[in-house]
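Notes to accompany the following structure.
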Amino acid sequence: MKERYDFMCEQRVDLEDTMAKLRKIITDMTQTMKEQFKEKFELINKNFAEVFKELFGGGNASLKLEDENNILECGIDINVQPPGKKLQNMMLLSGGEKAFTAIALLFAILKINPAPFCVLDEIEAALDDVNVYRFADYLKKFSENTQFLVITHRKGTMEAADTVYGVTMEENGISKLLSMKLAEVKQ
């Protein structure tokens, strides 16, 4: 019985030590995550303001944590002021302004660590023609570090593309892929 008791006591001590080590690891990881999140959040916020101004041709934008003391679990407020309008929450924007703001946020995140490849599916569908051209120009500029595959029906976006692919169905049930390389016109 004594042998069994001593063995169980050793097991309990081992478990308590392991639990303490795991709690310390979790605490250290949580602190590291908070530091890294705060650092990247500030960088994204800075980039967001810059990209927003560039896409909208002015205005202001910022991201704000709802609870600075609980940054890993709190929400994020997106405050924007398009040119000529007062500062407002995103919920008060038109559909096109919301889409353009979301595009600005996407590019603000991509600026930190550009992905080699990015698929955008009708991301600019809610934009008016003027903003489609702004989006296409920004996309062209941003494509130095990232290759974009854009699914779209918008003429302005297609005009900025290097290559356009289309699918047609000449015969019922038989799809055909078409591609066209677009050469830049030098003026």
Pairs returned, first residue in the range 36-49 that is touching a residue at least 24 places away in the same chain (Cβ under 8 Å) and more than 15 Å from residue 79 (Cβ to Cβ), second residue that is outside any helix (DSSP H, G or I) and not small (Gly, Ala, Ser), beta-carbon separation under 8 angstrom, 6 or more apart or interchain, are 37/71; 37/72; 38/71
Any chance the range 53-69 includes a residue that's at pLDDT 90 or above, under 23 Å from residue 157 (Cα atoms), among the hydrophobic types (A, V, I, L, M, F, W, C) and in a helix (DSSP H, G or I)? yes
What number of residues in the range 1-43 are under 18 Å from residue 68 (Cα atoms) and not in a helix (DSSP H, G or I)? 0
Would you call residue 164 under 19 Å from the mean Cα position of the chain (by Cα), farther than 21 Å from residue 94 by Cβ and at pLDDT 90 or above? no
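Yes/no matrix, rows are residues, columns are (1) touching a Gly at 6+ places or on another chain (Cβ under 8 Å); (2) more than 22 Å from residue 93 (Cα to Cα); (3) among the aliphatic types (A, V, I, L, M):
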| site | (1), (2), (3) |
| --- | --- |
| 110 | no, yes, yes |
| 119 | no, yes, yes |
| 128 | yes, no, no |
| 137 | no, yes, no |
| 150 | no, yes, yes |
| 169 | no, yes, yes |
Output the number of residues of the range 5-61 satisfying the condition of being surrounded by 11 or more Cβ atoms within 10 Å (Cβ to Cβ) and of a type in the set (Lys, Arg). 5
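The values are calculated or read from the model by the stated rules, or taken from the named source; none is laboratory data. Since this is a predicted model, take the numbers as computed values, not measurements. Glycine gets a Cβ as well: all are built from the backbone with ideal geometry, and neighbour counts include every protein chain shown.
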